[in-house]
Amino acid sequence: MPFVTYGQTRPWAKAMRNAVLARKMPPWFADPMYGHFANDRSLTKAEIDTFVQWADAGAPSGDPNHAPPPRKWPDGWNIGAPDAVFEMPKAFSIPARGAIEYQYLILPTHFTHDVWVQNVEARPSNRATVHHAVVYIREPGSKWLEDQPREKMFSVPLAKGFTTSDILMVYTPGNSFDGWTPGMAKRIKAGSELVLQMHYTANGAATNDRTRIGLVFAKEPPQKAILTLQMSNDKFVIPPGDPNYRVQVSGTLPNDALLISLFPHMHLRGKAFEYLIVAPGGRVDTLLKVDNYDFNWQLNYRLAAPRLIRAGTRLLWAGYFDNSANNPRNPDPGAEVRFGEQSWEEMMIGFFDVAVDASLDKPSFFIRH
């Protein structure tokens, strides 16, 4: 429902009151005891009290003479006019029912020189059917999906979908565009291609989607390059009925880096997620604690200030899953659940963005000294 005008908003006053009291809206799931985030959209107690008092008073419109000027919303792209747009050559047909395998699309950029991306946005034409879209940067010489056609949708076995290519962005509900402060940007090397990984879900009506990717280039070469890294675990087995099954993964950072943001990913049984740092001496610091993970609102938590992580620091991510009948989203509490691409299977992935010297790319960052 739109909340642009008073007339549109007034009928939902009671629902809004209940949603903000329960902290279901705005969607924000970071435990306030850990970390500070630049994109924290949670409401203060004073703001919640204002909503409640307004609703309890009958949701009055107020004096129109005191109204602020109408809000000017972005027309088209949220990132402003893109410098380059890449689009599916044709719409992909989505059936009314059934599982849909991940779809891949390779789009040549035709860039003859390295470009630095300041902002990026994914715009599905049919958001209701797009579970997620990952935009990869496939550099020249990469063997990943080398036997597949360009500019034509295709699917591959699960194992062939794994790659070490850098990620330009991840589109999920609640995360449709990305960008970095001046002086930091994503590099797309000359001759690279964009690979779209599209996860569609049928919703009862045959339809289609034609996703576009928009890029805004940095105005000058940055000092820092942004790399999207991830640690994941795909070897778990969640027992039937388990209400709090823990899956973890750990590793050490190969080189110094500035931590920029954290993006947890699980499926319908996802319950909670933690990003932890094991400091020298064994002390554990919590970077992010998501107490109430919501599959329908997958958010990228941006640190209020970048945090320097030294080479060799042990990182530990932990995901918690509710496979019980008490989880209203659980497709089957009696199932033994393993890693898989579809929503009724599970994933445990902790994405994170780091900023490194602009001279480094992803392969060179992973050379340990």
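The values are calculated or read from the model by the stated rules, or taken from the named source; none is laboratory data. Bear in mind that the values here come from a model prediction, so they are computed numbers and not experimental data. Methodologically, a virtual Cβ is constructed for each residue, glycine included, from the backbone with ideal geometry; neighbour enumeration extends over all protein chains shown.
Observations
- Filter result (surrounded by fewer than 22 Cβ atoms within 10 Å (Cβ to Cβ) and in contact with a Leu (Cβ under 7 Å, 6 or more places away or on another chain)) within region 166-192: Gly174, Asn175
Every residue, every condition in (1) assigned to a loop (DSSP other than H, G, I, E, B); (2) outside the structural domain of Ala272 (by TED's automatic domain parsing); (3) surrounded by 13 or more Cβ atoms within 10 Å (Cβ to Cβ), yes or no:
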{"position": "Asn18", "(1), (2), (3)": "no, yes, yes"}
{"position": "Gly35", "(1), (2), (3)": "yes, yes, yes"}
{"position": "Ser42", "(1), (2), (3)": "yes, yes, yes"}
{"position": "Ala46", "(1), (2), (3)": "no, yes, no"}
{"position": "Phe51", "(1), (2), (3)": "no, yes, yes"}
{"position": "Gly58", "(1), (2), (3)": "yes, yes, no"}
{"position": "Ser61", "(1), (2), (3)": "yes, yes, no"}
{"position": "Pro74", "(1), (2), (3)": "yes, yes, no"}
{"position": "Trp77", "(1), (2), (3)": "yes, yes, yes"}
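- Which numbered condition Lys14 fails, given (1) in a helix (DSSP H, G or I); (2) in contact with an Asp or Glu (Cβ under 9 Å, 6 or more places away or on another chain): (2)
- Residue check, Ser142 touching an Asp or Glu at 6+ places or on another chain (Cβ under 6 Å) and farther than 24 Å from Ser261 by Cα: no
- Within region 193-225, considering residues that are assigned to a strand (DSSP E or B) and among the basic types (Lys, Arg), the one surrounded by the fewest Cβ atoms within 10 Å (Cβ to Cβ): Arg212
- The set of residues in region 233-251 that are surrounded by fewer than 17 Cβ atoms within 10 Å (Cβ to Cβ) and either in contact with a helix residue (DSSP H, G or I) (Cβ under 7 Å, 6 or more places away or on another chain) or in a strand (DSSP E or B) (or both) comprises Val237, Arg246, Gln248, Ser250, Gly251.
- Of the residues making up region 147-160, those that are touching a residue at least 60 places away in the same chain (Cβ under 8 Å) and within 21 Å of Phe86 (Cα to Cα) are Glu151, Lys152, Met153.
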